[in-house]
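Below is one structure, written out as structure tokens; the observations come after it.
The values are calculated or read from the model by the stated rules, or taken from the named source; none is laboratory data. Small disclaimer: the values here were computed from a predicted structure and weren't measured. Here Cβ is always computed from backbone atoms with ideal geometry, including for glycine, and neighbour counts include all displayed protein chains.
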Amino acid sequence: MCAPAARGSKAKTPVAKSITLSGYFIDPGDAGMARPLSPQKQAALLDAAVAIIAESGLSATTASIAKRAEVAVGTLFTYFPTKDQLLNEVYLKLKQDMSDLLVAGYPKEADFRTQIVHIWRGYTEWALKNPEGKQVLRLLTVSDLLTSETLSSTPEALNQADKMFDEAIKQSLFVTDSKTFIYAIIQNISDATSEQIVRHPADKEKLLQLGFRMMWNAISA
């Protein structure tokens, strides 16, 4: 038996919950009809997350992200049921954005040095165009918020570049066999080059070439 409602109060009507399934939003209040999620809103939420995390760090609230995207907090959770899921999607988006620059015109049949020139320029160009994205990607990379599935979902262009470095190491092209060390050198000299380009944009091409020579001299055997 159900307990009677208290005097002077109204019995509560159960509220049906909305569900998000594979790109569709199901609203029980709309006869259970599935409505496709908006790619534009999803992109706006991811962009807003990058901007807010760059300002406030990984402790940024979902409310502040929703506000930047100009949507309700409930809308954010329709697209990303948890904050952790949102952060994992941000990581994947940034990796894909970087990959898109690297894959364009990648010289598959060229020698290692030519391939590394392409990767160097692509990464540095991406960092120049996406300073907030670069900052957020690094925060996420050293956090414990990324799932094993996310970490294994590397875009094909980055996988290809990684295999190229493995092969170059096998052929003793570098001064060290530590790929992590090599990547750190490339990243740090790219960062220094980017800073100089921001200060002296008219010298961009000259600085890109100079930065690469310095990096190549540092890693090549």
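Structural remarks
- Any hit, the stretch 149-167, residues being in contact with a strand residue (DSSP E or B) (Cβ under 7 Å, 6 or more places away or on another chain), part of a helix (DSSP H, G or I) and modelled with pLDDT of 95 or more: no
- Of all residues in the stretch 74-84, those satisfying the criterion of being surrounded by 15 or more Cβ atoms within 10 Å (Cβ to Cβ) and either free of Cβ contacts under 8 Å to residues at least 40 places away in the same chain or farther than 16 Å from Ser38 by Cα (or both) are Thr75, Leu76, Phe77, Phe80, Lys83.
- Residues considered: Tyr123, Tyr106. Of these, the only one that is at pLDDT below 95, under 27 Å from Ala221 (Cβ atoms), part of a loop (DSSP other than H, G, I, E, B) and among the aromatic types (Phe, Trp, Tyr) is Tyr106.
- Exactly one residue out of Asp111, Asp100 is assigned by the TED database to the domain that holds Ile186, of a type in the set (Asp, Glu), surrounded by fewer than 18 Cβ atoms within 10 Å (Cβ to Cβ) and free of Cβ contacts under 8 Å to residues at least 24 places away in the same chain: that is Asp111.
- Residues of the stretch 168-182 classified as under 20 Å from Asp111 (Cβ atoms) and in a helix (DSSP H, G or I), total: 5
- Residue within the stretch 155-178 that is surrounded by 16 or more Cβ atoms within 10 Å (Cβ to Cβ) and of a type outside the set (A, V, I, L, M, F, W, C) present: yes
- Hits in the stretch 47-70 (condition: touching a Pro at 6+ places or on another chain (Cβ under 9 Å) and over 10 Å from Glu132 (Cα atoms)): none
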